[in-house]
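For reference, the structure discussed in these notes is given below.
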Amino acid sequence: MADRYQNNREHNPHAHVIHKPGRRLMHKIPLRFVWRKVHGMGARSPNANLNLTAYIDFLLVTVIFLLTTFNASGQISVPKEITLPTAENAEDVIDAPIVSLDGNQVFVDGQYAGSAKSVEDRLGRIDELFAALKTRRENWKTLQPNKPFPGVVILQIDQETKAVVVKSVFQTAAYAGYPNVSFMVTKGK
Amino acid sequence: MGGVDVGDGKGKRSTNADINMIPFIDLLMVTVAFLLITAVWVTNSRINANAQIPGPPDPTKEITPKTPEKVLNVNIEAEEFVLTWRQGSVVASEVKVPRPTQNQEKPSYPDLAKKFEEEWNTHGSHKNVDDQTVDQAVLHARDNMPFKEIVAVLDALYTPKREMKIDNDVAKVPVFNMTFSIR
């Protein structure tokens, strides 16, 4: 057994620096019975093998699950100031222009499209929003002349907004040629 | 450390080859971390409404005068909901549902949803599976009402569902479609 720890020392130039991995505990003591004692009388191998198969399986399943749920296009940014209302009977969001109302400012797909100040007390049309949506509709029709226009617009409005503002934006979108107006909500109870 | 045991070779040389699994596990861990960070947990949904604006008249179709359909008018009052079925200007029926005082954060009206279903069962005109249109509801909301109240009523309105044939498939769709009364 002693040979196991000392073999080929003469032939190995690095032997004094790098030792073969193995048992180190008390191996400087050149007494066989001490080594035997330390190594548990040769009862079991000290080379423990960690079984990684289950771990890799778990990681693979996690990766596959995350990959299937991964959706690069479904991420629609909602401004921090807007708290969406909650609804249970909601559908999935589709690809459509998004009109968001951030305070008094109206944005169409992130581009400024007028102020909603004029409609805070009285139902009316937001002219800049109307123009922005109309341009979008015309662009869509030029790009796809043979397809029927879906006329869907998604409104991203804070849950505390007054109904008159919501109705004004709704009406403006409808007049601009988007009769199918959807409200963005958070799904849940 | 990491190795995969490929069995015990009985031939001249051992088939017990050690594949170094560590880079593989590293790659997996990095992928898991990346996907976890980029994952979108809160998905947004939409609730549909329709402005009921007739498009330009189709020159290929003959215009036939239609009898006005029964439309459910939903009035949101301070203490009750008034559900009125109107056909043109004729009131067919009127029902009042008390409006419960709610926790203000997340209003929801399950009783109203039940009433909508009952009302549709009695008065609804589009019940056939092949029928591609749905009954219309008009929402009358006060100007100072918060948007979440409207969405809560809309949610209740879309709770009753019926079967509709869409492209040879039968799907469950809400029995009503909502529009705002613009006054």
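The values are calculated or read from the model by the stated rules, or taken from the named source; none is laboratory data. This is a predicted model, so every value here is computed, not measured. Cβ coordinates were reconstructed from backbone atoms using ideal geometry, including for glycine residues, and neighbour counts include every protein chain displayed.
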Looking at the stretch A:136-154, which of its residues are touching a helix residue (DSSP H, G or I) at 6+ places or on another chain (Cβ under 7 Å) and either assigned to a helix (DSSP H, G or I) or buried (at least 21 other Cβ atoms within 10 Å of the Cβ) (or both)? A:Val153
Where in the stretch B:56-98 are there strands (runs of 3 or more DSSP E), lying fully within it, with 3 or more residues that are over 27 Å from the mean Cα position of the chain (by Cα), modelled with pLDDT of 75 or more and not polar (S, T, N, Q)? B:90-98
Counting only residues that are surrounded by fewer than 22 Cβ atoms within 10 Å (Cβ to Cβ), more than 7 Å from every other protein chain (Cβ to nearest Cβ) and among the β-branched types (Val, Ile, Thr), the stretch A:156-189 contains a total of 0
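Out of B:Glu105, B:Glu79, B:Glu94, B:Glu119, report the one residue that is closer than 15 Å to B:Val151 by Cα and either of a type in the set (D, E, K, R) or surrounded by 12 or more Cβ atoms within 10 Å (Cβ to Cβ) (or both).
Details: B:Glu79 fails: closer than 15 Å to B:Val151 by Cα; B:Glu94 fails: closer than 15 Å to B:Val151 by Cα; B:Glu119 fails: closer than 15 Å to B:Val151 by Cα.
The unique qualifying residue is B:Glu105.
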Would you mind telling me which numbered condition in (1) in contact (Cβ under 8 Å) with a residue 60 or more places away in the chain; (2) of a type in the set (Phe, Trp, Tyr); (3) closer than 19 Å to A:Ser182 by Cβ B:Phe116 fails? (3)
Return a yes/no flag: does the stretch A:115-128 have any residue that is out of contact with any Cys (no Cβ under 9 Å at 6 or more places or on another chain), at the interface with chain B (Cβ under 9 Å from one of its Cβ atoms), under 28 Å from A:Thr86 (Cβ atoms) and among the basic types (Lys, Arg). no
Got a sec? Which of B:Glu94, B:Glu80, B:Glu69, B:Glu118 is touching a Pro at 6+ places or on another chain (Cβ under 8 Å), away from chain A (no Cβ under 14 Å) and not polar (S, T, N, Q)? B:Glu80
In the set B:Thr101, B:Thr159, which member is in a loop (DSSP other than H, G, I, E, B) and modelled with pLDDT of 85 or more? B:Thr159
Return the residues of the stretch B:121-149 that are of a type in the set (A, V, I, L, M), within 13 Å of chain A (Cβ to nearest Cβ) and out of contact with any Phe, Trp or Tyr (no Cβ under 8 Å at 6 or more places or on another chain); say none if nothing qualifies. B:Met145
